[in-house]
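I have placed the structure first, in the form of structure tokens, so that the comments after it can refer back to it.
The values are calculated or read from the model by the stated rules, or taken from the named source; none is laboratory data. Everything numeric in this text was worked out from a predicted model, so none of it was measured. A quick note on method: Cβ atoms are made from the backbone with ideal geometry, for glycine too, and the neighbour counts reach across all protein chains shown. To get the accessible areas, we keep the full protein, side chains included, count just its heavy atoms, and leave off ligands, DNA and RNA. Shrake-Rupley method; radii C 1.70, N 1.55, O 1.52, S 1.80 Å.
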Amino acid sequence: MNGRKGLVLDANIPVRAVFGQRVRLILEAYENVASCCSPDVCFQDARKYIPDLSERRGFDPAVGLSVLQGIGRMVEPVDRSLYENNVNIFPLLA
């Protein structure tokens, strides 16, 4: 049983991947080794906070949101309906 591993990420990881290099590099390095997913609400939170964080850091908010969209290709957004009724899939999210 050497199947591909999975990892569930919270909203902080996509946000950190937008503003830093280390998290993004880790996600890219392990993209073919582990499947990463995050509840869609985490991506919603990230979209909510990235514009303000971008402005405070002197970045273009549109660029930050574009980077987040790219992160969405490495970290699969998971719809709430997948995990809210099935605690066996993601027991920590239910």
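When the accessible area of the stretch 9-89 is split by element with a 1.4 Å probe, what percent falls to carbon and sulfur?
Working: 2570 of 5230 Å².
So the carbon and sulfur contribution to the accessible surface is 49 percent.
Using the Karplus curve 6.51 cos²θ - 1.76 cosθ + 1.60 with θ = phi - 60°, what ³J(HN,Hα) values do you get for each residue of the stretch 43-56, in whole Hz, with x for Gly and Pro?
5, 4, 4, 4, 4, 5, 8, 4, x, 5, 4, 4, 4, 5
Once you put a point 7 Å from the Cα of D52 and another 7 Å from the Cα of D40, both along the Cβ direction, what distance in nm separates them?
2.4
Loop only by DSSP, 16 or fewer other Cβ within 10 Å of the Cβ. Give me the chymotrypsin sites (Phe, Trp or Tyr not before Pro) in the stretch 1-73 that pass, ordered by residue number.
Loop-located and lightly packed - Y30, F59.
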